[in-house]
1. Check whether at least one residue in the range 74-82 is within 30 Å of Gly298 (Cβ to Cβ) and in a helix (DSSP H, G or I), and report yes or no.
2. So, of the residues in the range 114-157 that are over 20 Å from the mean Cα position of the chain (by Cα) and part of a loop (DSSP other than H, G, I, E, B), which turns out to be farthest from Ala185 (Cα to Cα)?
3. Name the pairs whose Cβ atoms lie under 8 Å apart, with the first residue in the range 285-313 and on the phi > 0 side of the Ramachandran plot, the second assigned to a helix (DSSP H, G or I), and 6 or more positions between them or separate chains?
4. How many residues are touching a helix residue (DSSP H, G or I) at 6+ places or on another chain (Cβ under 6 Å) and under 29 Å from Gly92 (Cβ atoms) if we restrict to the range 174-197?
5. Have a look at Val274, Val218 and point out the one that is among the hydrophobic types (A, V, I, L, M, F, W, C), touching a helix residue (DSSP H, G or I) at 6+ places or on another chain (Cβ under 7 Å), buried (at least 20 other Cβ atoms within 10 Å of the Cβ) and farther than 20 Å from Phe114 by Cα.
6. In the range 136-158, how many are modelled with pLDDT under 80 and at negative phi?
7. List every residue pair whose Cβ atoms lie under 7 Å apart, where the two residues are 6 or more positions apart in sequence or sit on different chains, the first residue falls within the range 22-47 and is in a loop (DSSP other than H, G, I, E, B), and the second residue, located anywhere, is surrounded by 18 or more Cβ atoms within 10 Å (Cβ to Cβ) and hydrophobic (A, V, I, L, M, F, W, C).
8. Return the residues of the range 29-54 that are under 13 Å from Ala292 (Cα atoms) and surrounded by fewer than 18 Cβ atoms within 10 Å (Cβ to Cβ); say none if nothing qualifies.
Amino acid sequence: MSEGVPAKRIRMKEEYQRFVSRKALFLILLLLAIILLAGVAATLGSANISVWDVYLAILARFFPANFQSDWFSDTIVWGLRLHRILLSIVAGIGLAIAGAVMQGILKNPLASPFTLGISSAASFGAALAIVLGAGFAGGEWLIVGNAFVFTLLASMTVYGLAKYKGITPETMILAGIAIMYLFQAMTSFLQYIGQSEQVAEVVFWMMGSMGRSSWDKVWIVSAVIALCFPYLLLKSWDINALGAGDETASSLGVNVEKTRVISMFLVSLITASVICFTGTIGFIGLVSPHIARMVIGGDHRYLLPASALVGGLTLLAADTAARTILAPVIMPVGIMTAFLGVPFFIYLFMRRKKEFW
């Protein structure tokens, strides 16, 4: 009996190592796919350059002593295309993280930034700036500032309503749905009273687009994600515990209300920093966590980074397709995310022979 125990422990350790290795391999493959697709995406456009020219232009910027790039490729990559590609990646990462955390802390597979009214609030803020010219900033930051502020306002309102009735997943979801319909109604009212050009601009903003990308926006979104994501990853065990129920999580020493509130605030901040620059993109935050969960499981230590990479890859693929399918016409990326992602999600869903939530 004593001889069998060490052998059993060794087998369990080996199985766990294989378990972790498979998840690490999946994350590495996602990262490589993003790098490869980013190189391909940078070659697409009116000015043709090769994938090698793209990578050479990037390497030459960081290692000028070892790599040399010509002026034309450097201008195309760094001046015109790379900031749009990187914004697609970091925006997808941010929305997917927000969706994964919301689904975890609310124990609801339909939770996303749309579910809690966050995206609807951003749309109202943008519509208010476009139609009435009113907002919290000026110039080119008018729409951005409005979308950001109203996103955070919606989050605080949801929290206040939930706090009044007791912060549970059910109360937060119900409060979020109420806020969503309220902001949708106010946005519809602004569209009703607006001029045709203003209404068209509001509708286009609500479809989502990477056409407003710039290096400043890439750095802002990246900085917000870099500040918020480590805490969420650190609390992945607590989010796992919340999936078993509030009472179970409390018995394991988790401060349920604090974890839920802080996590909601951070994902609202991430979402606000993304959609204020890109417009509303609803598919990524809902489905990317499910795609990752189907492949990698429900442990948020691995699910959060996997969801982030799936979201970045999906949004980059959608924006690349939006730029090229009807070129020179560029489709709104929010349309392409559904066209590309839904069939793949249904394929994975139909192949899955057991519950994944």
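The values are calculated or read from the model by the stated rules, or taken from the named source; none is laboratory data. Predicted model, so just to flag it, every value in this text is computed and none were measured. Cβ placement follows ideal geometry from the backbone for every residue including glycine, while neighbour counts extend to all protein chains displayed.
1. As a first pass, look at the range 74-82 and keep what is within 30 Å of Gly298 (Cβ to Cβ): none.
No, the range 74-82 contains no residue that is within 30 Å of Gly298 (Cβ to Cβ) and in a helix (DSSP H, G or I).
2. So the residue we want is Gly138.
3. Listed pairs, sorted by first residue: Gly297/Lys23; Gly297/Leu303.
4. So the first thing to find is which residues in the range 174-197 are touching a helix residue (DSSP H, G or I) at 6+ places or on another chain (Cβ under 6 Å), and the list is 175-176, 179-180, 183-184, 186-187, 190-191, 194.
Retained after the next criterion (residues that are under 29 Å from Gly92 (Cβ atoms)): 175-176, 179-180, 183-184, 186-187, 190-191.
The qualifying residues number 10.
5. Values: Val274 fails: farther than 20 Å from Phe114 by Cα.
Just a single option satisfies the conditions, and that option is Val218.
6. Residues of the range 136-158 modelled with pLDDT under 80: 136-141.
Next, from what is left, pick out any that are at negative phi: 136-138, 140-141.
Selection size over the range 136-158: 5.
7. Partner pairs satisfying both residue conditions: Ala42/Val54; Ala42/Val77; Ala42/Leu82; Ala42/Ile85; Thr43/Ile49; Thr43/Val54; Ala47/Ile76.
8. Once the filter is applied, which keeps residues that are under 13 Å from Ala292 (Cα atoms) and surrounded by fewer than 18 Cβ atoms within 10 Å (Cβ to Cβ), the range 29-54 yields only Leu29.
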